[in-house]
Every structure is written in structure tokens, then in C-alpha cells.
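Below is one structure, written out as C-alpha cells; the observations come after it.
Any read-out appearing in this document is the output of simple, stated calculations on the displayed coordinates, not a laboratory observation. Everything quoted here is computed from the prediction, not taken from an experiment. We place every Cβ from the backbone using ideal geometry, glycine too, and count neighbours over all the protein chains shown.
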Amino acid sequence: MALIINNKCIACGICASECPNEAISEGDSIYIINPNLCTECVGFFDEPQCVNVCPRGAIVPDPKYPETKEQLLAKKKRIHGK
Ligand code: SF4
Ligand code: SF4
């Protein structure tokens, strides 16, 4: 399941540099996650790195994108080629 950033975000930018897939970017007023690139960090880390560093608790699962671990791993392979 891709993650989403909610309006608790203060646009500090810390999360963007932690993402192994470069899925996080600056939006109009808050940061945003590209669901095509977010893998919940599967294939790199045991936990979503952005969630761990966000000082506001602003990053949560997005129920619009239900995905199994296998699907997330396939997404990671599509992005990185391995
Ligand atoms: S969960 Fe991982 S892959 Fe998804 S946006 Fe956060 S750091 Fe990037
Ligand atoms: S770390 Fe949290 S508060 Fe900072 S930009 Fe990312 S989502 Fe927003």
C-alpha cells in the first residue's frame, strides 16, 4: 500500500532524502508521495523510512492503493531493474 502525506505536514523536507525510490517531492504546500514509486520501502528496509523520520506523524497508509508484499517487490524491481 502506497503511503500518503496528510495536512499535518510542515514541509520540512526530511522525509524526501530518506526515500530509496525518490518517491517524495515538494508539492504546493505540503510534500507529496508518488504512489507509482512508493513501495513501503519493501526490498530496502523493514519499515517505511519516511514514517520513521517524520516529526509530525503526517505519513500514513493510503487505502486507495492496496498492494501485497509481492506486488510491492515487483514495483521495486520495475523501478530499479533488480
Ligand atoms: S515508504 Fe519508503 S518508498 Fe514509500 S515514500 Fe516512504 S520512504 Fe519512499
Ligand atoms: S518529514 Fe513529515 S513534516 Fe517533513 S516534509 Fe515529510 S511529511 Fe512533511
Item to check | Inter-label distance for Ser17 and Phe45, nm, one decimal - labels placed 7 Å from Cα along Cα-to-Cβ | outcome: 1.3 nm
Item to check | Near-label residues of segment 18-42 by backbone N, under 15 Å of a point 7 Å along Cα→Cβ of Asn7 | outcome: 28-31
Checklist outcome for this item: For the chain, the longest principal axis of the Cα atoms and the Cα long axis of helix 69-80 enclose an angle in degrees, to the nearest 10, of 80 degrees
Next on the checklist: With bins 10 Å wide starting at 0, give me the P(r) of the chain over every alpha carbon pair, in whole percents.
Outcome noted: 20, 56, 22, 2
Item to check | Check: the chain dipole with +1 on Lys, Arg Cβ and -1 on Asp, Glu Cβ, in debye | outcome: 200 debye
